[in-house]
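Chemist: Here you go, one structure.
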Amino acid sequence: MIFLHVGESISGGGAGTVLRETVEILKKNDTINTHKVLVRKSNFYENKIDYTFSKPPTSKFKFVDQIFSIKNFVAINKVLQSLQPDVIHIQSLGNLSPSIFLALKKYKNKNRVTIFQTVHTFEYLCSHSAGYDYLKQKKCTDCATNLYKFKIFARRCSRLGFIHSYAKGLTSFLYSNFVKNNLIDQIITPSNFLRKKMLLHPEIKSIEVLYNPVKSNNQIKLNNNTKLHNKFRFVFFGRLSEEKNIECIIEAFSIAVKENPFFELVIIGSGPQENKLRKLTDKLALTEKIIFKGFLEKKALTRELLNCNVSILSSKCYETASMVVLESIQYNLLPIVCDHGGMKEMVESVGVGLKFMDGDIYELSKKMKESYINNKKTKSELFEIRDKVLFDYGDLSYFINLNKIYNKRLFGADQLS
């Protein structure tokens, strides 16, 4: 069988990483089927891409292209006609536009094909995919039960305001028409949390859960003492965006460090909030205690994380799944996360980690202190479960479980192909 894997990108983090690793795992372990990739061009991963979409426009027509891209419609239609795939697996369409779904619909009308989609965002619950009302600054999925999510036109709740809200609303309307006509045969989510939310949708019934794979990092050489002496380090690593609510971490740290002057906070990553976070650090007189590292390549990131003790994720948005928890355990870092969404589920799933109420800087500061007090015990627990976690969420487990989902839908069977 020929599988075509479609997404916006295999670069960067998030859904792009999962798409890339999905194809790598399948190509490595699946000796029967053929797997091809259609994404936007990536110079870094050029040898992993079989077909490409056009580059996104940089002109004033950018929003128009995101609502309906004729170039992307032509690109995928050409691939479908030449490759004639038996199975199509969508990971994340991002800004490719609903024209992709139109091409898939036309192909499906004339060919026998099964379409899977791994959903990484709240796109079927929220017209702008975030599950968050940026205007009111609160988590929101109350459009979940509506096929057509028109509330965005009145609320203007998208992150980029009025025009972006209207563009997202129109895009969501177009996607909803394809969902109504059963274009997707099987939806996959990376968490039970997202699955339960999506079951509220009036047209979606079949949803399987498959946790994202965690790739083992061979550069990590652990023992129980691979940390800096005389310092206890907390770390945030990821994009410095509004959604991640890193101000909460800084403010909680400012409380905890008063009683524990040997505490340090390392912030790794880049993004639109960086200047704001640096100014907050200056305001709180913490420039000697909070270290900004910027974006780090894999080797440098590994070295830095091995010198930290605790990772913190304070997202004010629901996370559909939290890879930070699994990545933290690789580095023998105790994860502290908000007590909601995919973050909560992942900590409870692996059985190690601390939780705090969303946005509560005082509770987070207490969890910071608690993590230090119980450091020896938790480090021992982390060290003991690390191999099990890497196995349970590793490449082979991911391949086996993905194959079960494929075969259940394709053949009504659970055995491997």
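The values are calculated or read from the model by the stated rules, or taken from the named source; none is laboratory data. Since the model is a prediction, treat every value here as computed from it, not as a measurement. We place every Cβ from the backbone using ideal geometry, glycine too, and count neighbours over all the protein chains shown. Surface accessibility is based on the protein's heavy atoms, side chains included, excluding ligands, DNA and RNA. Shrake-Rupley method; radii C 1.70, N 1.55, O 1.52, S 1.80 Å.
Chemist: Positive end of the dipole of the chain, charges at C-beta (+1 Lys, Arg; -1 Asp, Glu), about the Cα centre: which of SER315, ASN43, GLN330 has its Cα farthest in that direction?
Modeler: About the Cα centre, the residue reaching furthest to the positive side is ASN43.
Chemist: In terms of the ratio Rg/(2.2 N^0.38 Å) built on C-alpha atoms, what value belongs to the chain?
Modeler: Rg over 2.2 N^0.38 Å, computed on Cα atoms: 1.01.
Chemist: Carbon-plus-sulfur fraction of the accessible area of the chain, 1.4 Å probe, in percent?
Modeler: Carbon with sulfur: 52 percent of the solvent-accessible area.
Chemist: Using a basic spin-label model with each label point 7 Å from the Cα along Cα→Cβ, how many nm lie between GLU384 and PHE68?
Modeler: Calculated label separation equals 6.0 nm.
Chemist: Accessible area per residue, 1.4 Å probe, Å², for region 245-342: what's the number?
Modeler: 38 Å²
Chemist: Using Cα pairs closer than 8 Å and at least 6 residues apart in sequence, work out the relative contact order for region 134-174, in percent. Provide the component values of the computation, followed by the final result.
Modeler: Working: 33 pairs, mean separation 16.0, N = 41.
Reported as a whole number, the value is 39 percent.
Chemist: Also, I was wondering about something else. Under 10 Å, Cα contacts only: if you run a Gaussian network model on the chain, which one of HIS120, HIS128, HIS201 comes out with the highest mean-square fluctuation?
Modeler: Taking springs between Cα atoms under 10 Å, the residue moving most is HIS201.
Chemist: Given only helices, namely DSSP H runs of n ≥ 4 each adding -39500 (n - 2.57), what is the per-residue ellipticity at 222 nm of the chain, to the nearest 500 deg cm²/dmol? Don't skip to the answer; put the middle values down first.
Modeler: Working: 15 runs with 176 residues, N = 417.
Taking each H run of at least 4 residues, the total per residue is -13000 deg cm²/dmol.
Chemist: Classify region 3-122 as rounded, prolate or oblate, taking a ≥ b ≥ c as the square roots of the eigenvalues of its Cα gyration tensor: rounded when a/c is under 1.5, otherwise prolate if a/b is larger than b/c and oblate if not.
Modeler: Oblate, because a/c is 1.5 or more while a/b does not exceed b/c.
Chemist: Given H placed on each backbone N at 1.01 Å, which residues far from VAL266 in sequence or on other chains put an amide H within less than 5 Å of it?
Modeler: PHE234, VAL235, PHE236, ILE291
Chemist: With the chain treated as a Gaussian network of Cα nodes joined by springs under 10 Å, which of LEU102, LEU333, LEU83 yields the largest mean-square fluctuation?
Modeler: Maximum fluctuation in the GNM of the chain, among the listed residues, is at LEU83.
Chemist: Can I ask one more? Could you grab the relative contact order for region 325-367? Cα pairs under 8 Å, six or more apart, rounded to a whole percent.
Modeler: 34 percent
Chemist: Given R₀ = 35 Å, what would the calculated FRET efficiency be for ILE163 paired with LYS138, taking r from the Cβ atoms and rounding to 0.05?
Modeler: According to the calculation, E is roughly 0.95.
Chemist: Right, next: Between ASN47 and GLU274, what's the calculated FRET efficiency when r is the beta-carbon distance and R0 is 30 Å? Round to 0.05.
Modeler: After rounding, the FRET efficiency stands at 0.40.
Chemist: Quick one: Karplus J couplings for region 101-106, per residue in order, coefficients 6.51, -1.76, 1.60, θ = phi - 60°, nearest Hz, x for Gly and Pro?
Modeler: 5, 5, 5, 5, 5, 4
Chemist: Please state the charge dipole magnitude for the chain, taken about the Cα centre, from unit charges on C-beta atoms (+1 on K and R, -1 on D and E), reported in debye and rounded to the nearest 20.
Modeler: Taking the Cα centre of the chain as origin, the dipole is about 860 debye.
Chemist: Who wins for biggest fluctuation among ASN146, ASN33, ASN177 in a Gaussian network model of the chain, springs between alpha carbons below 10 Å?
Modeler: ASN33
Chemist: Still on this model: Report ³J(HN,Hα) in whole Hz for each residue of region 359-369, in order, from the Karplus equation J = 6.51 cos²θ - 1.76 cosθ + 1.60 where θ = phi - 60°; Gly and Pro get x.
Modeler: So the J values, rounded to whole Hz, are x, 8, 5, 6, 5, 4, 4, 5, 5, 4, 5.
Chemist: Also: Of THR22, ILE115, ASN245, which is farthest towards the positive pole of the chain's charge dipole, taken about the Cα centre with +1 and -1 on the beta-carbons of Lys, Arg and Asp, Glu respectively?
Modeler: Highest projection toward the positive end goes to ILE115.
Chemist: Let me ask you something else. Taking only protein heavy atoms into account and a 1.4 Å probe, give the accessible area per residue of region 8-158 in Å².
Modeler: So region 8-158 comes to 47 Å² accessible per residue, rounded to a whole number.
Chemist: Relative contact order for the chain using alpha-carbon pairs under 8 Å, separation at least 6, rounded to a whole percent?
Modeler: 13 percent
Chemist: Could you tell me which GluC sites (Glu not before Pro) in region 262-292 are loop residues by DSSP with no more than 16 other beta carbons within 10 angstrom of their beta carbon?
Modeler: Listed in order of number, the matching sites are GLU288.
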